[in-house]
Amino acid sequence: MLNLRDIFFILVLLVVLVTANILIFSINSNKPIPQSKYPESKLFKNHKINLSNNDKDLKIVVKKGERKLLLYSGDKLLRDYKIALDLNPKDDKEVEGDGCTPVGIFYICTKNPKSKFYLSLGISYPNEEDAKRGINDWIINNTQYKKIITSIQTKKIPLWKTKLGGEIFIHGGGTGTDWTAGCIALNNKDIKELFESVNVGTKITIYKYQILEKENLACGLLDIVGFVVSHIVSSNTIVARRFKKPTG
């Protein structure tokens, strides 16, 4: 049976739920949450701007936490594409087979018009930082390290067949859910437009997964709910034991 204290905790819980929902709605409606120096693009509909592969200022920005690929010309936002990632999007790629999307500054190192996922753009992972990490952690040997560094300095495809992993692409295949093995997936119509617009050497910056404020609120809410529920359960257990009839 619930006592007055339990009823009080339930009322507090309801107030917390209502307040948290109001805060989350307010954040989603009025306060875009930046994850980099690049501006947000709420409900971006600027697809009337024509793209050109002669634009030498094109650059790609990927925001893992928001599942977005942004295409810029200088500081001007041209496109805002929805993306799908790997099954472990919060982690940075470290070794072959971990299934993670790398984080860092790269460039488009190859274009494949015959990809099994429609079209694909190769990402220059591992970069110099990855190579340094690999040699320091004994993941790659000195020969492999030098080959990666030389490839990066000459804007070629880095050595992919090492324990650091490689062959990370931006490709088609759809964005319904996270499903890749470390690559970045777009809808086919979007990868077609991107593929035709960017050239080998185009800069791509991939930002790490960042927890948004609404996710922090949700975590805090779960903590409060768990505390209240455990308090009610423990209180009722103590009462039940206190009034339990003796047997025998």
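All of the numbers you see were taken from the coordinates with simple rules; none came from a lab. Remember, predicted model here, so these are calculated numbers, not experimental data. Every residue, glycine as well, gets a Cβ built from its backbone with ideal geometry; the counts of neighbours run over all protein chains shown.
The set of residues from region 134-166 being within 13 Å of S124 (Cβ to Cβ) and β-branched (V, I, T) comprises I148, I149, T150, I152, T154, I157. Remark: pairs (first residue in region 89-114, free of Cβ contacts under 8 Å to residues at least 60 places away in the same chain; second residue in a strand (DSSP E or B); Cβ separation under 6 Å; 6+ apart in sequence or on different chains) = N112/S120.
Within region 160-174, the set of residues being surrounded by fewer than 21 Cβ atoms within 10 Å (Cβ to Cβ) and either among the basic types (K, R) or farther than 21 Å from L194 by Cβ (or both) comprises W160, K161, K163. Of the strands (runs of 3 or more DSSP E) lying entirely inside region 50-103, those containing at least 2 residues that are under 13 Å from the mean Cα position of the chain (by Cα) are 58-63, 68-73.
Each row is one residue, and each column tells you yes or no for (1) closer than 20 Å to Y107 by Cβ; (2) assigned to a loop (DSSP other than H, G, I, E, B).
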site	(1), (2)
I157	yes, yes
L164	yes, yes
G173	no, yes
E193	yes, no
I204	yes, no
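Total residues in region 107-145 satisfying the condition of being touching a helix residue (DSSP H, G or I) at 6+ places or on another chain (Cβ under 9 Å) and under 18 Å from T162 (Cα atoms): the figure is 16.
For region 130-140, the candidate set comprises residues that are surrounded by 13 or more Cβ atoms within 10 Å (Cβ to Cβ) and out of contact with any Ser or Thr (no Cβ under 8 Å at 6 or more places or on another chain); within that set, the residue that is nearest to I105 (Cα to Cα) is D130.
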